[in-house]
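**Q** Before anything else, here's the structure in question.
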Amino acid sequence: MKLEPLETILECMPQPNQSISKVQNIQTAHRLKLAEFWEINAGARILEIGCGQGDTTAVLAYMVGEEGFVHGVDITRNTFSGKILLYHRLISL
């Protein structure tokens, strides 16, 4: 059974507790609407500057699909383990 886009994207994100999960659902749904408004198509190549923890990166990766490419950069230190976890989950989509 194929999941809806929002559910598929959320499965890739670490969600430590239910209250954060609820906020993450709302924010991810908003990011998904933005990506649809921007007409991000399968196969697109995107550079995301200021990606933070990669929440929007996950939405963009979903939108461009396996044929596309998203590169996220941020000036923060790479100490947040969620970035690595998110990367490994995204490559399995």
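All of the numbers you see were taken from the coordinates with simple rules; none came from a lab. In this text, all values refer to a predicted model and were calculated from it rather than measured experimentally.
**Q** Report the full-extension gain for the segment Lys22 to Leu47: residue separation times 0.36 nm, less the Cα-Cα distance, to one decimal in nm.
**A** Between Lys22 and Leu47, full extension yields 6.2 nm more.
**Q** Any chance you could run the full-extension gain for Val73 through Glu4? It's 0.36 nm times the residue separation minus the Cα-Cα distance, nm to one decimal. Please report the intermediate quantities before stating the final value.
**A** Numbers: separation 69, 0.36 × 69 = 24.84 nm, distance 2.73 nm.
Net length gain for the segment: 22.1 nm.
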